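The structure appears right after this line, and notes come after that.
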Amino acid sequence: MKKLYVKTYGCQMNVYDSARMAELMAPQGYEAVSSPSDADLVLLNTCHIREKAAEKLFSDLGRLMPHKARKAETGGGMIVAVTGCVAQAAGAEILKRVKGVDIVVGPQSYHRLPALVDGAARGERLVDTEFPPESKFDHLPKPGAQNVSAFLSVQEGCDKFCSFCVVPYTRGAEFSRPVSSVLDEARRLVDEGAREINLLGQNVNAYHGAAPSSGAWGHGAGPDSGEWSLGHLIRELAKIPNLLRLRYTTSHPKDMDADLIAAHGDTEKLMPFLHLPVQSGSDRVLKEMNRGHTADDYRHSIEQLRKARPDIAFSSDFIVGFPGETEADFAASLGLVRDIDFVQFYAFKYSPRPGTPAASRDDQVQEEIKNERLARLQDLLVTQQHRFNRSFVGRKVPVLFEKLGRHEGQLIGRSPWIQPVHAAASPELLGRVAMLSITGIERNSLAGFLVDHPGEHAA
Ligand code: SAM
Ligand code: SF4
């Protein structure tokens, strides 16, 4: 067997893509290893969303090159491929900057990796950053479930062009996979042991996949039966026996339509936790970000979701220090956070991305101000998160066990609100939901003990 080392940077879409690339290379005789030092093929699956994420690639390449040189001295070879969004954005520049890189391939063409690796083995240096007419999903091996909780990519790309974001440039135009291909993949994942499916997409709630051709799908009738919305897809997925839980990420507030909100009320397998990035609480900043909604529109969606599913909890992304952000704009963000009460968050300092409209503005916010605002926002959000987690002590919570814990006899699972929970439990409970009584909190996880026999079908 040849050795394959894969490093994944960034989002869950990249985690999904990395798994597909490893599967793609397995029939070529590549087996995954956990260290790059002796690998025959190294894939660095990159993220371009913020400057720091992109820079990490070049420092990792710097560390990798001595290993490649050492292998060459002993007559061996190491093919180095840069994949993902930095590959798409920087293309041939990467080959120029780092002589030891052999392949640069973008997120829409990585199904061509085996052919590119063959070329590199013959000494070629190759760049493939096309948006090919064929869909990579038709050319990838069928994914197998290795985990109780599996990812399933249903939508890619973005047409929204938020003024700070590179995704529309690196991932290309929005594309939804056809319903039948999603359902097939979901059924296979469940057959192979997955009990939870996380539907993925850069804008997953903009999903509009082609309906299956057969008319036997129940919800498909009516004027819009040519395409299914995400709500419709979720209801169909929820019918799969032995699939216990469904989640989806990441959503855009503008695409949070009434049907999807209703699905939170009528589909019990859809978990009561939603990551819904808002970025800012200031209408002026939201407009300049080209987000297409106001802070009150966001509050209204949250209110509707809480009506549909009273126990739902929210997480969000925030950007501080967007160009021109004033103290009053930032105070509006803090105000929105207080109003909503989030249970999880990702807060970022604005990072100018080359080629995006906001990057060329001349009213960039000073770094010290960004740091100070980030700290204030994080303080507030951490307080909310801890309050939420503390409220579980003494409560009973259904936990889907996903993996063995660090300590002997321990399993780790997740609550419906995605909190990791650990407890003493037998490995037979992996992939099953059991009722736990929560005894304490540790940083961001909960600890508990089993109080009930596991139910195969309870969520
Ligand atoms: N499509 C999702 C949405 O619109 O809500 C977000 C996907 S984006 C890959 C993930 C997050 O990265 C965004 O929600 C945003 O908070 C953050 N982000 C994107 N561009 C950024 C930038 N230039 N600087 C800082 N954060 C950024
Ligand atoms: Fe980026 Fe905006 Fe598209 Fe999200 S909606 S991926 S933030 S451009």
Which cross-chain or sequence-distant (5 or more) residues have an amide H under 5 Å from the amide H of Gly440, H modelled 1.01 Å from N in plane?
-> Ala447
Tell me, what HN-Hα J-couplings in whole Hz come from the Karplus equation 6.51 cos²θ - 1.76 cosθ + 1.60 at θ = phi - 60° for each residue of region 353-358, using x for Gly and Pro?
-> 10, x, x, 9, x, 5
Restricting to region 373-455, what percent of DSSP beta bridges are antiparallel, rounded to 5?
-> 90
For region 212-358, what is the Kirkwood estimate of the hydrodynamic radius, computed as the reciprocal of the mean inverse distance between distinct Cα atoms, to one decimal in Å?
-> 17.0
Radius, Kirkwood style, for region 305-459 when every pair of distinct Cα atoms is counted (Å) = 17.9
For Thr74 and Leu380 in one chain, what is 0.36 nm times their gap in residues minus the Cα-Cα distance, to one decimal in nm?
-> 104.6 nm
In order over region 78-89: 3J(HN,Hα) from phi, Karplus 6.51/-1.76/1.60, θ = phi - 60°, whole Hz, x for each Gly or Pro, gives 9, 8, 10, 10, 9, 10, x, 6, 5, 4, 5, 6
Among the Cys residues of the chain, which have no other cysteine Cβ under 4.7 angstrom away?
-> Cys11, Cys47, Cys85, Cys158
With labels modelled as points extended 7 Å from the Cα through the Cβ direction, what inter-label distance (nm, one decimal) is found for Ala328 paired with Glu134?
-> 5.7
For region 390-405, 3J(HN,Hα) per residue [Karplus equation, 6.51 cos²θ - 1.76 cosθ + 1.60, θ = phi - 60°, Hz, x = Gly/Pro] | 4, 5, 8, 4, x, 9, 9, 9, x, 10, 8, 6, 10, 7, 6, x
Here, Phe58 and Asp363, labelled 7 Å along Cα→Cβ, have an inter-label distance in nm of 3.1
For region 362-453 the GluC sites (Glu not before Pro) that pass both the DSSP coil test and the at-most-15 other-Cβ-within-10 Å test are Glu408
Non-local residues with an amide H under 5 Å from the amide H of Lys403, with H modelled 1.01 Å from N and Pro and chain starts lacking one, are Ile412
Under-5 Å amide H pairs with Asp128, H placed in peptide plane, nonlocal only = Val104, Val105, Gly106
If we count every other residue with Cβ under 14 angstrom of Ser149's Cβ, Lys/Arg +1 and Asp/Glu -1, where does the sum land?
-> +4
Express the relative contact order of the chain as a whole percentage, based on alpha carbon pairs under 8 Å and six or more residues apart in sequence.
-> 10
Percent antiparallel among DSSP beta bridges confined to the chain, nearest 5, equals 40
Rg/Rh for the chain, where both radii come from Cα atoms and Rh is the Kirkwood radius | 0.97
Does region 225-280 come out rounded, prolate or oblate, given a ≥ b ≥ c as the square roots of the eigenvalues of its C-alpha gyration tensor, rounded meaning a/c under 1.5 and, failing that, prolate meaning a/b above b/c?
-> oblate
Taking only DSSP H segments of four or more residues, each worth -39500 (n - 2.57), what value at 222 nm results for the chain once the sum is divided by all its residues, to the nearest 500 deg cm²/dmol?
-> -10000 deg cm²/dmol
R0 = 56 Å: FRET efficiency of Arg338 with Gln28, Cβ-based, nearest 0.05?
-> 0.55
Relative contact order of region 1-123, defined on C-alpha pairs under 8 angstrom at six or more residues apart (%) | 25
Using alpha-carbon positions, what is the distance between the centroids of region 6-37 and region 75-101, in Å?
-> 16
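Where a number appears in this text, it was derived from the coordinates with a stated rule and is not lab data. All figures in this text were calculated on a predicted structure; none of them were measured in a lab. Positions of Cβ are generated from backbone atoms using ideal geometry, with glycine treated the same way; all protein chains shown enter the neighbour counts.
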